[in-house]
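Visitor: Structure incoming, see below.
The values are calculated or read from the model by the stated rules, or taken from the named source; none is laboratory data. As the structure is a computational prediction, the values presented were derived from the model and not from experiment. Here the Cβ positions follow ideal geometry from the backbone for every residue, glycine too, while neighbour counts run over all protein chains shown.
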């Protein structure tokens, strides 16, 4: 079955520091990959997505992610974190044998120190 | 502006009562979804509908029911059979085209008292 793991439950970084959030998936073929962000008590907002082509994907708010097939990973990065980036981040995969539905990872909560 | 509206934002229910959560979208999306979110567990799919008058069970459908009588609306009923209904519920929609991203509502927090 498809699965998505996010090894880090909670990460704390200082404002201005770089960030990398890890995501690994389990799926036979090349999946469609997404990163979403959720502020407390809110819905999810799409940061970026990967379908095919260039494995380095640019998103909104200065985020980027790199697809590495050999590692089954799709890690999210940002060179300089802002206090407003504090939120929960979800990696997700669409699997074609799952009715076109998303499988979400458990999420990583990001805290930003001033 | 187009979007998804979930109401109410907060909902309290007594044990043994059914309660219905509203989800309305004006994006002209064909597919709609209901997810349950619990701390540390991410989002789990309850039900989804890819077309009017049709819906499918997700991973945790027990104790829930849905209807899809209109394209714009996909209400979720949490029945008394749901043993642990306190959670944050998210509705989403997407075009029917392959692997389109979801648009999410802002959620309903249900608390059983």
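Visitor: Of the residues in the stretch B:54-72, how many are away from chain A (no Cβ under 14 Å), exposed (fewer than 15 other Cβ atoms within 10 Å of the Cβ) and within 20 Å of residue B:4 (Cβ to Cβ)?
Guide: So the count comes out to 2.
Visitor: Ok, one more. Going residue by residue through the stretch B:21-34, is there one that turns out to be on the phi > 0 side of the Ramachandran plot and within 11 Å of another protein chain (Cβ to nearest Cβ)?
Guide: no
Visitor: Now, a different point. Out of the stretch A:63-88, which residues are in contact with a helix residue (DSSP H, G or I) (Cβ under 9 Å, 6 or more places away or on another chain) and assigned to a helix (DSSP H, G or I)?
Guide: Once the filter is applied, which keeps residues that are in contact with a helix residue (DSSP H, G or I) (Cβ under 9 Å, 6 or more places away or on another chain) and assigned to a helix (DSSP H, G or I), the stretch A:63-88 yields A:84, A:85.
Visitor: Sticking with this one: Out of the residues in the stretch B:88-112 that are more than 9 Å from every other protein chain (Cβ to nearest Cβ) and within 14 Å of residue B:46 (Cα to Cα), which is surrounded by the most Cβ atoms within 10 Å (Cβ to Cβ)?
Guide: Residue satisfying both the conditions and the ranking: B:93.
Visitor: Follow-up question, since we're still on this one. Collect the residues in the stretch A:28-47 that are more than 10 Å from residue A:93 (Cα to Cα) and crowded, with 20+ Cβ neighbours inside 10 Å, keeping them in residue-number order.
Guide: Across the stretch A:28-47, the qualifying residues are A:36, A:37, A:38, A:43, A:44, A:47.
Visitor: Quick one: which residue in A:93, A:103, A:112 is touching a helix residue (DSSP H, G or I) at 6+ places or on another chain (Cβ under 8 Å), touching a residue at least 24 places away in the same chain (Cβ under 8 Å) and either surrounded by 14 or more Cβ atoms within 10 Å (Cβ to Cβ) or in a strand (DSSP E or B) (or both)?
Guide: A:112
Visitor: Taking strands (runs of 3 or more DSSP E) that fall entirely within the stretch B:1-107, which contain at least 3 residues that are in contact with a strand residue (DSSP E or B) (Cβ under 9 Å, 6 or more places away or on another chain) and under 30 Å from residue A:9 (Cα atoms)?
Guide: Where strands (runs of 3 or more DSSP E) fall fully within the stretch B:1-107 and carry at least 3 residues being in contact with a strand residue (DSSP E or B) (Cβ under 9 Å, 6 or more places away or on another chain) and under 30 Å from residue A:9 (Cα atoms), they are B:4-7, B:10-13, B:31-37, B:43-51, B:87-94.
Visitor: If I filter the stretch A:49-69 for residues that are at pLDDT below 95, within 29 Å of residue B:87 (Cα to Cα) and within 11 Å of chain B (Cβ to nearest Cβ), do I get at least one hit?
Guide: Within the stretch A:49-69, one or more residues are at pLDDT below 95, within 29 Å of residue B:87 (Cα to Cα) and within 11 Å of chain B (Cβ to nearest Cβ).
Visitor: Here is a follow-up. Name the residues in the stretch B:36-51 that are surrounded by fewer than 18 Cβ atoms within 10 Å (Cβ to Cβ) and at pLDDT 95 or above, would you?
Guide: none
Visitor: In the stretch B:76-87, which residue that is surrounded by 18 or more Cβ atoms within 10 Å (Cβ to Cβ) and without any contact (Cβ under 8 Å) to a residue 60 or more places away in the chain is farthest from the other protein chains (Cβ to nearest Cβ)?
Guide: The residue in question is B:82.
Visitor: Going by what's in this entry, would residue A:25 be described as buried (at least 17 other Cβ atoms within 10 Å of the Cβ), at pLDDT below 95 and more than 11 Å from chain B (Cβ to nearest Cβ)?
Guide: yes
Visitor: I would also like to ask the following. Against the condition at the interface with chain B (Cβ under 10 Å from one of its Cβ atoms) and within 10 Å of the chain's Cα centre (by Cα), how does residue A:90 come out, does it pass?
Guide: So residue A:90 fits the description; yes.
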